[in-house]
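The values are calculated or read from the model by the stated rules, or taken from the named source; none is laboratory data. Just so it is clear, the structure is predicted and the values come from calculations on it, not from any experiment. Methodologically, a virtual Cβ is constructed for each residue, glycine included, from the backbone with ideal geometry; neighbour enumeration extends over all protein chains shown. Note: areas computed on protein heavy atoms with side chains; ligands, DNA, RNA excluded. Shrake-Rupley method; radii C 1.70, N 1.55, O 1.52, S 1.80 Å.
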Amino acid sequence: MTTSRLIQFVVAPGVLVAVACTPTETVPTAQFPAPEGYIGGVVQGTQGPEAGVWVIAETGDLPTKFVKIVVTDDEGRFMLPELPDASYAVWVRGYGLVDSEPLEMRPTAEPVTLQATNAATPEEAAKVYPGDYWLSLMAPPDESLFPGTGDDGNGMGTRMLSQAHWLDSLKSDCNFCHQLGSRQTRTVDHVFEAKPELTTHKEAWEWRLGTGVRGNQMYNVLRIQGMDASLDVYADWTERIAAGELPQAPPRPQGMERNLVLTLWDVGSDKTFMHDLVSTDKNNPGINPGGPIYAASSGHGQLVVLDPVQNVSYARNIPTREPRSEVPSRFPPPMRPSFFWGDEHIWGNPPYNPSDPHNPMIDSKGRVWLTSKIRGARRPPAWCSDPENKYAAWWTPRSGGRHASFFDPVTRKFTLIETCFSTHHLQFDNDANETVYFNGGGAGFSWVDTKVFDETGDEQQAVGWCPLVVDTNGDGAITKPWNVAVASAGGYTYRVDAVRAQEERAAAGEAETTPLPDPRYDTQLSYGLYSVIPSPVDDSLWGASQTYPGYIIRLMRGEDPPTSCRSQIFRVPEPGFDPRGIDITSDGVVWTALAGSSHLASLDVRKCEPRDEPDSPDGSQCPEGWTLHRTEGPRMKGSEVPADFHYYNWVDQHDVGGFGENTPIATGSNSDSLLVLDPDTGEWTTLRVPYPLGFFSRGLDGRIDDPDAGWKGRALWANYGTNYIWHTEGGKGTRGKFVKFQIRPDPLAR
């Protein structure tokens, strides 16, 4: 699709609120029934009706841009349901076609015929293929180049252990921010236009990887991968594409995929980096029915809000406890000018808000909780390290990043909470106190007891944490860490009471330093955790560590944390690597998206065979508990690893999506999709977002607005979460988007 097809909505520079109005936080659905307008008909091609193509209706008549997308059935028929009264541009997109000329129309009961046109060339057809199809043309470095021996050796970085390890870096360090294979990444034409002195693709790649808001990070990844050898890979990819090499064609939607209804709204600005969204309470998806959808705008320190009933979007600044000028942004200024924004520090310090929120979650009261910065990197309050604090006496974590906050839509106020512990993701337990758990701050979990906080308003009483200590000496108890590191090795930190250790060694006639591992002491894991999910069946917490090849870590709180906390570690089995997301079924089966190897993997500890020996810190126990399901789609050239990337995953415990309870879903962050797995059959259903190209979801959510309304009363929700929203189809000026996914009983239901 050409840029001219995308309807543009001009927003004044620096304005992040879509409409000038006083926003309403909670809108009862009874007052605003869903629109009943519809447009139906058939898509006719040169050879007859076109099955499995998308019909797209978009309008700028509403307070924010609105798009509805459906798929044609076996006979080319379509039905665009629940359209607000407006004028729409209606057109067709499909694999093997070129985008049709839009027809202007309003909702009508009269059937319409849309004309589809076949693509004249394979090159023309490939313009609308998802990013993973284009990325599949990239040939990773040959296996003979590993392990890397550096610039003076084979050119691969010395940290690169294998081809899989390099692919892990490509996906989790590069795909981490944006789609690879998008038009902006698979060509270097814009680099040559901006820097005519560069003459080769290799030179263009070296320059582009140091540009813009993430230039420092990208260039550092390039160094770790091995600059010269990796630049050869990237240059070879874009050179072959420039010479006309094309990916295979994706299949058109089939079966249940044709029952999909997509609704999109514009939110945020053309610079907004929205990490994730939330619509309801994960444990009770009927909370906040018909109400606002919230996303964390990391780059601008805002809560971006959509009222999906009145089609209004706006944003709220998230406060910090210290003045903004004293809370530094984690985003450095550009190392080299951006091709889009020059030297502008678009997510820098004031005037931008440095609160840097991460993914939001909603509690049973409808409050929106986030991890966000409340202060700078100064020392935390004294109670965080006071020996009288039982958690501090056990272990003092790092706390220089985000903490906790929540927004109350009733009072429209934010509350900030010191956690003593840097936070990242958050999830609510289903316990009586509605405890909210966080990962971050090194190796460990922290939490806020929301009942205690609501009753007392006292952070110190409500906050707690546990380090990750494995009972490797098998005595059934956890050796007190005391914050004294005896030594570290292989991702483990052996922490004991230093005085006791010295006395025991002296009594045994040993030297002061004992080789690791020391079987007398337990092992504290120093692997950082990327995610967190509490179990609904016991007191355990689960998190994923991306330390190659990847680990799932279980923390059991016990009756008197932190002294009762005990951990287990489970290594991802081959051929899997790089767990990022984590979620759990209602009966305690853990699911994780393996972003690097493109699996959706489950771990069921009920399958673990009894062990006589103590727990191991290397994760080797319970290989029998794992099941790996590799996703579909094209493979990297010369590899069995798919080109898709899965930023996170989610388990639909309550059958919100219509696929059954406890259905696992992975984000197809590199394939414009959500990927639904039937774990019994291993079959996948791809819920594709075909327009605008570049749908990059970091997570998803599901809400039931009306349990008696069938498919209309429930939906999955996700957003365009790329760092670079200007890489989305439409280019600079394109705004962020929220996406609503609904599955009808058939493609013609209205």
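Summary table
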| quantity | calculated |
| --- | --- |
| Qualifying residues in the stretch 578-601 (those that are over 17 Å from the mean Cα position of the chain (by Cα) and either modelled with pLDDT under 95 or not hydrophobic (A, V, I, L, M, F, W, C) (or both)) - the one surrounded by the fewest Cβ atoms within 10 Å (Cβ to Cβ) | Asp587 |
| Residue in the stretch 263-282 that is more than 28 Å from the chain's Cα centre (by Cα) and either surrounded by fewer than 17 Cβ atoms within 10 Å (Cβ to Cβ) or within 30 Å of Asp678 (Cβ to Cβ) (or both) present | no |
| Leading residue by the ranking (farthest from Thr563 (Cα to Cα)) among those in the stretch 366-404 that are in contact with an Asp or Glu (Cβ under 7 Å, 6 or more places away or on another chain) and among the aliphatic types (A, V, I, L, M) | Ile374 |
| Residues located in the stretch 227-252, provided they are part of a loop (DSSP other than H, G, I, E, B) and either open to solvent by 40 Å² or more (accessible area, probe 1.4 Å) or in contact with a Phe, Trp or Tyr (Cβ under 8 Å, 6 or more places away or on another chain) (or both) | Ala243, Glu245, Leu246, Pro247, Gln248, Ala249, Pro250, Pro251, Arg252 |
| Residue in the stretch 163-191 that is surrounded by the most Cβ atoms within 10 Å (Cβ to Cβ), counting only those that are among the polar types (S, T, N, Q) and closer than 22 Å to Leu246 by Cβ | Gln179 |
| All positions within the stretch 626-643 that are closer than 26 Å to Phe570 by Cβ and touching a residue at least 60 places away in the same chain (Cβ under 8 Å) | Ser639, Glu640, Val641, Pro642 |
| Index of the failed condition, Val448 passing every other in (1) touching a residue at least 40 places away in the same chain (Cβ under 8 Å); (2) among the β-branched types (Val, Ile, Thr); (3) surrounded by fewer than 18 Cβ atoms within 10 Å (Cβ to Cβ) | (3) |
| Candidate set: the stretch 403-435, residues that are buried (at least 20 other Cβ atoms within 10 Å of the Cβ) and of a type in the set (Ser, Thr, Tyr); chosen: the one farthest from Gly464 (Cα to Cα) | Ser405 |
| Residue list for the stretch 355-402, restricted to those being open to solvent by less than 10 Å² (accessible area, probe 1.4 Å) and at positive phi | Asp356 |
| Exclusive hit being surrounded by 14 or more Cβ atoms within 10 Å (Cβ to Cβ) and either of a type in the set (Lys, Arg) or part of a loop (DSSP other than H, G, I, E, B) (or both), set Asp85, Asp151, Asp132 | Asp151 |
| Subset of the stretch 542-564 (residues that are within 14 Å of Gly581 (Cα to Cα) and assigned to a strand (DSSP E or B)) | Trp542, Gly543, Ala544, Ser545, Tyr551, Ile552, Ile553 |
| Any pair with Cβ under 8 angstrom, 6 or more apart, that starts in the stretch 522-538 at a residue that is under 11 Å from Ile582 (Cα atoms) and open to solvent by less than 10 Å² (accessible area, probe 1.4 Å) and ends at one that is assigned to a loop (DSSP other than H, G, I, E, B) and of a type in the set (Lys, Arg) | Ser531/Arg580 |
| Hits in the stretch 435-468 - residues which are in a loop (DSSP other than H, G, I, E, B) and in contact with a strand residue (DSSP E or B) (Cβ under 6 Å, 6 or more places away or on another chain) | Gly440, Ala443, Leu468 |
| Breaking point among (1) at pLDDT below 95; (2) assigned to a strand (DSSP E or B), for Val43 | (1) |
| Tally, over the stretch 107-125, of residues that are surrounded by 12 or more Cβ atoms within 10 Å (Cβ to Cβ) and either of a type in the set (Asp, Glu) or part of a strand (DSSP E or B) (or both) | 6 |
| Subset of the stretch 663-686 (residues that are in contact with a helix residue (DSSP H, G or I) (Cβ under 8 Å, 6 or more places away or on another chain), surrounded by 24 or more Cβ atoms within 10 Å (Cβ to Cβ) and in a strand (DSSP E or B)) | Gly668 |
| In the stretch 410-425, the residues that are in contact (Cβ under 8 Å) with a residue 24 or more places away in the chain and not in a loop (DSSP other than H, G, I, E, B) | Phe414, Leu416, Ile417, Thr423 |
| Residue check for Val309: at pLDDT 95 or above and either open to solvent by 20 Å² or more (accessible area, probe 1.4 Å) or not in a strand (DSSP E or B) (or both) | yes |
| Sole exception among (1) at pLDDT 80 or above; (2) in contact with a Leu (Cβ under 9 Å, 6 or more places away or on another chain); (3) crowded, with 18+ Cβ neighbours inside 10 Å for Tyr492, by number | (1) |
| Filter result (touching a residue at least 60 places away in the same chain (Cβ under 8 Å) and touching a Lys or Arg at 6+ places or on another chain (Cβ under 6 Å)) within the stretch 81-100 | Pro81, Tyr95, Asp99 |
| Residue pairs meeting the criteria (Cβ under 6 Å; at least 6 apart or on separate chains; first under 12 Å from Gly148 (Cβ atoms), in the stretch 217-229; second aliphatic (A, V, I, L, M)) | Gly226/Met156; Ala229/Met156 |
| Only listed residue being within 18 Å of Asp539 (Cα to Cα) and open to solvent by 10 Å² or more (accessible area, probe 1.4 Å), chosen from Arg571, Arg611, Arg606 | Arg606 |
